[in-house]
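Take a look at the structure below.
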Amino acid sequence: MLVLGIETSCDETSVAVIDGEGRVLSNVIASQAAAHAAYGGVVPEVAARAHLTNLPATFEKALADAGVTLSSVELVAATAGPGLIGALLVGLSAGRALAFARGVPFVAVNHLEGHLFSAFLKADGSPAREIVTPFHGLVVSGGHAELVRVEADRIVPIARTRDDAPGEAFDKVARRAGLPYPGGPVVDRIAARGDGSRVKLPVGRVSDGTPDFSFSGLKTAMLREFARRGVSGQKLDPDALPRDLVDLFASFQRAIVSALLERVAEVHAGEGIRRLALSGGVAANTELRATLAGWGRERGVPLLLPDRALTTDNAAMIAWAGLRRFRRDGAGASADARARSRWPLGTE
Ligand code: KG4
Ligand code: ZN
């Protein structure tokens, strides 16, 4: 069984081919980061146009890299949400058209479900790890922070962010400091040489007793720290920052990692976590990976980590989540799926 996956929900145009055992045969990603860098964030209209331009070549390369032709594809999966409507429409329409032209089934995939199950995929071409339920999933990306419990037949939401997503906090704070976009990888690199215990920052949480995350207070605190240090958003060289700024960024990263760890620990103390799957763009973060892995080792909770190459937006994870959905539900529910800007995990 060969599955073609298409991802165009945000600023990465990606097409992948996987087989029935979850081997990633190809996973081509055309990043638009350069097109958005000048704006310090993703511009929806620019993204939609770039997907339209980049998709044909990305598609051709994905087939060529996998060494297959379209005629051997037996299932097409494309992201239908959540994401930017104009961007989603490009991949969704292309996926549906390809499936129709080939006479094979089409599945509409939830982007967050793609991230969630990406923790089971291997980037080296070997089969995916078996998905054993129940497990807890922490999806942290530029648009989301979601902690869920995955059972055999449903996904139960536990906590989500009320305001900024962690990746968004990385990107916005980096931008205000005059650092390149996207901010996550840049701050990750800076923080590696800093002391994250130097600056006390709020680990914000909501005050209504729910386990939800909140990162906007942290962002505001960082803007105050920038003001105090005279950081005004003029271009900064990430490799030539003064010591106190390096420590500030390390402390900022520590605050995000601590907030995520704290919630994971609470849920473990409550309902218990058998295994934890970390995913989403922020799952590439060095400190987050090491901290959660260390926490899990101490408690006998295995941490499932996607290879770094599979953490940010990619179509292999969409093909994989699509295949899982298809095997469970068939393609019926996708027949008239629309592009959706919102699509909470655990809802159909
Ligand atoms: O999953 P993703 O590619 O797109 C969304 O679905 O949002 O995540 C992108 C986000 C960006 O905010 C980026 O700054 C962040 O992931 N990111 C990181 C790292 N690499 C990417 N954040 C922290 N540390 C990293 N190493
Ligand atoms: Zn994503």
* Enumeration of residues in the stretch 53-84 that are out of contact with any strand residue (DSSP E or B) (no Cβ under 6 Å at 6 or more places or on another chain), open to solvent by 30 Å² or more (accessible area, probe 1.4 Å) and not aliphatic (A, V, I, L, M) -> Thr53, Pro56, Glu60, Gly67, Thr69, Ser71
* Restricting the stretch 279-293 to residues that are open to solvent by less than 20 Å² (accessible area, probe 1.4 Å) and of a type outside the set (S, T, N, Q), the residue that is farthest from ligand 1 (Cβ to nearest atom) -> Leu292
* To do: Go over the candidates Gly233, Gly217, Gly272 one by one and state the one that is among the small types (Gly, Ala, Ser), surrounded by fewer than 19 Cβ atoms within 10 Å (Cβ to Cβ) and in contact with a Pro (Cβ under 6 Å, 6 or more places away or on another chain).
  => Gly217
* Structure fact -> By residue number, the members of the stretch 247-274 that are among the aromatic types (Phe, Trp, Tyr) and without any contact (Cβ under 8 Å) to a residue 60 or more places away in the chain are none
* Of the numbered conditions (1) over 30 Å from Arg129 (Cα atoms); (2) open to solvent by less than 20 Å² (accessible area, probe 1.4 Å); (3) in contact with a His (Cβ under 8 Å, 6 or more places away or on another chain), Glu7 fails exactly one; give the number of that condition. => (1)
* **Asp244 vs. criteria open to solvent by 40 Å² or more (accessible area, probe 1.4 Å), of a type outside the set (Phe, Trp, Tyr), without any contact (Cβ under 8 Å) to a residue 12 or more places away in the chain and under 26 Å from Ser216 (Cα atoms)** => no
* **Residues that are within 16 Å of ligand 2 (Cβ to nearest atom) and of a type in the set (S, T, N, Q), drawn from the stretch 1-57** => Thr8, Ser9, Thr13, Ser14, Asn27, Ser31, Gln32
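For every residue, the table says whether it meets (1) open to solvent by 20 Å² or more (accessible area, probe 1.4 Å); (2) touching a strand residue (DSSP E or B) at 6+ places or on another chain (Cβ under 9 Å); (3) away from ligand 1 (no atom under 16 Å from the Cβ).
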| site | (1), (2), (3) |
| --- | --- |
| Gly91 | no, yes, no |
| Gly95 | no, yes, yes |
| Arg102 | yes, yes, yes |
| Leu112 | no, yes, no |
| Leu116 | no, yes, no |
| Leu121 | no, yes, no |
| Thr133 | yes, yes, yes |
| Leu138 | no, yes, no |
| His144 | yes, yes, no |
* Structure fact -> Here the residues within the stretch 273-324 that are small (Gly, Ala, Ser) and away from ligand 2 (no atom under 16 Å from the Cβ) are Ala290, Ala293, Gly294, Gly296, Gly300
* Structure fact -> Screening Asp124, Asp163, Asp212, Asp153 for residues that are touching a helix residue (DSSP H, G or I) at 6+ places or on another chain (Cβ under 7 Å) and on the phi < 0 side of the Ramachandran plot leaves only Asp163
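Conditions (1) in contact with a Gly (Cβ under 8 Å, 6 or more places away or on another chain); (2) within 30 Å of Ala108 (Cβ to Cβ), marked per residue:
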residue: Ala277; (1), (2): yes, yes
residue: Ala283; (1), (2): no, yes
residue: Arg297; (1), (2): no, no
residue: Asp329; (1), (2): no, yes
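The values are calculated or read from the model by the stated rules, or taken from the named source; none is laboratory data. Bear in mind the structure is a predicted one, so any value in this text is a computation, not a measurement. All Cβ positions, glycine included, derive from the backbone under ideal geometry; neighbour counts span all protein chains shown. Just the protein is used for accessible areas: all its heavy atoms, side chains included, with ligands, DNA and RNA removed. Shrake-Rupley method; radii C 1.70, N 1.55, O 1.52, S 1.80 Å.
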